[in-house]
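Coordinate-derived values only; no laboratory data. Note that the coordinates shown come from a computational prediction; the quantities given were computed from them, not determined experimentally. Neighbour counts run over all protein chains shown; Cβ positions are idealised from the backbone, glycine included.
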Amino acid sequence: MGSGREQAELLEAAGFVPIVVTDVTRDFLETARRWFTRAWELEAELRSTLGDALFDEQQADRKEMITAVEEGLLRRALFVGARPK
């Protein structure tokens, strides 16, 4: 079950202040693309280890994730906050 509230708002409500939000979407996209590309480079070994079905599923998931980021549907952010003692 999700919440309709933003992550920073939830952290603040839990007593974490100040909240610093860093968008890491660009770095995440670069990493996801490298996972996807590297998996193809290691395809034979990965298929042998994981099996065809799991390899194909993981690559489809990676491609879907990359597409979602490229289309602005998925972001990644780092939230940092401190909880007063």
Any chance residue 79 is among the hydrophobic types (A, V, I, L, M, F, W, C), surrounded by 13 or more Cβ atoms within 10 Å (Cβ to Cβ) and either at positive phi or not in a strand (DSSP E or B) (or both): no
Is there a residue in segment 46-66 that is surrounded by 11 or more Cβ atoms within 10 Å (Cβ to Cβ), aliphatic (A, V, I, L, M) and under 13 Å from the mean Cα position of the chain (by Cα)? yes
